[in-house]
Amino acid sequence: GVLLGELVTGQRLNDGSGRTPSGHVSAENEPGVLPAAPAATRRQLRGDLDNIVLKSIAEEPERRYASAGALADDIGRLLDRRPVAAHPPSTWYRTRKFIARHQGGVAVTLLFATGVLAALGLALWQAGVARHSAARADAMRDFMISAFSKAEPGSPRSGPPSITDVVEQAIVKARADSALDAGVRTELVADLGSVLSAQGRIKPAREVLQWNYDRALADFGAGARETLQAGHPLAAALILDGDFDTARTLIDRLLTPVPRDDRLGAALLFDSALIATKRHALQRARADGEAGLAKARSTGDAETLDQALSEYGNVELEVGNNDGAIAAWTELLALRERRFGAEHVAVAATHADLSRALRRSRKLDQAEREVRAALAIDAATLPPEHWRRSNHLNALMMVQLDRRDYRAALESAKETLRIDRTIYTDDDHPERANDLNSVGMLYALVEDFPSAVAPLRDALRHMEAKFGAEDYQAAWVRANYGVVLAHSGEIAAGEAEITHAISTFEHLAEPDLDEEAATWEKLARVRLERQDAAGALPAIDRIDALLAKIGTPGAYWDGRAGALRGTALLQRGDAAGALAVLEPASAALVRSAKPDAVLRVEIPLLQANAARALGRTGEADAFARVGRAALGGLANPPSRVLALAKPFETVPASAP
């Protein structure tokens, strides 16, 4: 039924919309896909062919044909101009069919005779449509039956063939079958390669999809629809494999010019936006994402809009528009629940995506509910070692991290790493490097710095091997590695890694001033940790200069630079200077839309220590009470904050 619908309309119809095949035909269909002009095709499909296809692809099993034989019988009835079982019971319908079969013996008025001739013409045209599509349908049917039969084991083995076994054998057959129609082959290999990629077989999928694209390019030419259809899954596989430069070159070629087909155009624009986010080209990411979503909405197709909303949410999140991501994924969740039901892998993926956006908006309770809903669906539908479960565990880890539940987050990160080591066999796969970075930084957050060194060293090695030493992602991991090296006693080596990361950020084509400032903060903290205030102050000066360039820094920076400078001045014995910079830092924190939990403890305790150094005991105790009250609600406080609180252990905390 799906094949028949595609053959007569040029598109997949199993989108759950309930529209008739004739309702899917529009003036935007590509030339040559339909058996006639769109308006003519629409007229000829209305009626029995509409009903036969809808009955074949009905969502409820009881509404579909009971067997292939029943469908074949109805097709035979259609060709013989007899009533079809797919049509609702109707006396008028059966009368029309009888007249169509026995027109010579029926005396009717001229008007009715004209109606009979029109009905007969319709039936004959429908038969012509079916005959026109038979060769392509037979080719697909024969290929799939042959591919599945070849999956039967030729020798004893432990169990039935896996999905990848069947897909890989089907790909081999499609590539070798010289009699297979070139267009059918391109479509089949693109779909089969995408399935292989979705099963985590990235390298084999990439090789197959590259072959398919090269073959389509030779068979159809650069701008042909078949070539673009082959290029899209290849670009997706290249991105999954972390080969962003090759993916960018391919997508730019496919988008020159942007395809007239809005579905393909939208898919390729989102490929482009995804590559842009990976290369930190955020302006292009947003422009391509918005253009892709507009094209997807213009199609009126649920499946196209589904994919577009998923990708658009990712783009919005990467460019820092959390509200835009939440809106896109909330719309997508409702769409997918209507299409697939509540317990489906696509619904789980949307719950997890929504969790990420909610977490970045500090809506942690909602974020945790969404990601646990995703993991519950995973448990019901997926094997334990599946890339989707790995992704969703990573989303849970991020929520736990924001809750400062570092031990639980570390366990989630370790399980994610275990799964990804099973799935992604290449040492330099980006997912494995990201997992190693997460494990290392969580060890650092519980201040087990020696345990953090090895995973961060391995993460940096993988990032350098994959992207190069001066890549944005390599610099981000390098800065983290430098911090744990310095805290583990290798001070010179650690500071060298951090300053190397700073240099990389400074020379990016599209500098990230916020990340550059955060890396200077890492260097300042490392120096303050060993009481090197003289070395920390120049780093703090660089932070202030970068924040001034940003103009309106994010809430992360509210009070932060002042706390760093106050710490350095206090270490130098300038308690009065420390109080002077801590007062505006405290005020900035009070005004903050998202005040940092650690700074809410650290700043008043720094003020307490500065006032105490000046002999202002009453003022010191007042500050200490505020800081100790905030400390009581802080999970896993860093040791530097506990050290600031220690002189005031006998001072009671003020009421929150």
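Which angle between 0 and 90 degrees, to the nearest 10, do you get for helix 449-467 versus the longest principal axis of the chain when only C-alpha atoms count? Helix 449-467 sits roughly 50 degrees off the main axis of the chain. Solvent-accessible area assigned to carbon and sulfur over region 173-267 amounts to 52 percent, based on a 1.4 Å probe. Most tightly packed first, judged by the mean number of other beta-carbon atoms within 10 Å of their residues, the peptides 443-450, 587-594, 325-332 read 325-332, 443-450, 587-594. Net charge of the neighbourhood of S592, taken over other residues with C-beta under 13 Å away and scored Lys/Arg +1, Asp/Glu -1, is +3. Rounded to the nearest 10 degrees, what's the angle between the helix 387-402 long axis and the longest principal axis of the chain, both from Cα atoms, 0 to 90? So the helix axis and the longest Cα principal axis differ by about 30 degrees.
Once the Cα atoms of helix 560-571 and of the chain are each reduced to a long axis, what angle between those two axes, in degrees from 0 to 90 to the nearest 10, is obtained? Tilt relative to the chain: about 20 degrees. On a C-alpha basis, how far is the centre of region 543-595 from the centre of region 209-250 in Å? Whole number, if you could? Each part's Cα centre sits 50 Å from the other's. Taking a straight Cα-Cα cut-off under 22 Å and skipping sequence neighbours fewer than 8 places away in the same chain, the lysines within cross-link reach of K55 are K97.
Remark: region 186-197, residue by residue, has Karplus-estimated 3J(HN,Hα) of 4, 5, 5, 5, 4, 5, 5, x, 5, 4, 4, 5 Hz, where x stands for each Gly or Pro and the curve is 6.51 cos²θ - 1.76 cosθ + 1.60 at θ = phi - 60°. For K414, a cut-off of 27 angstrom between C-alpha atoms picks up these lysines, skipping any fewer than 8 places away in its own chain: K203, K278, K363, K466, K522.
P(r) tail for region 498-616: Cα pairs beyond 26 Å make up 19% of the total.
Averaging the Cα positions of each part gives two centres, and for region 292-318 and region 634-649 these lie 48 Å apart. Taking volume of the Cα convex hull per residue in Å³ as calculated from this structure, the corresponding entry among (1) 162; (2) 218; (3) 190 is (3).
Per-residue accessible area (protein heavy atoms, 1.4 Å probe) orders L274, L34 as L274, L34, starting from the largest.
Residue by residue, region 39-46 carries 3J(HN,Hα) couplings of 5, 5, 4, 4, 5, 6, 7, 4 Hz when phi is fed to the Karplus relation 6.51 cos²θ - 1.76 cosθ + 1.60 (θ = phi - 60°); x denotes Gly or Pro. When the solvent-accessible area of region 1-81 is split by element, carbon and sulfur atoms take up 50 percent of it, the probe being 1.4 Å.
The mean accessible area for residues of the chain, using a 1.4 Å probe and ignoring ligands and nucleic acids, is 46 Å² per residue.
The values are calculated or read from the model by the stated rules, or taken from the named source; none is laboratory data. Treat the numbers as computed from the prediction; the structure is a model and nothing was measured. FYI the Cβ positions are ideal-geometry reconstructions off the backbone, even for glycines, and counts take in every protein chain you see. Each accessible area value is taken on the protein alone, full model and side chains, heavy atoms only, with ligands, DNA and RNA left out. Shrake-Rupley method; radii C 1.70, N 1.55, O 1.52, S 1.80 Å.
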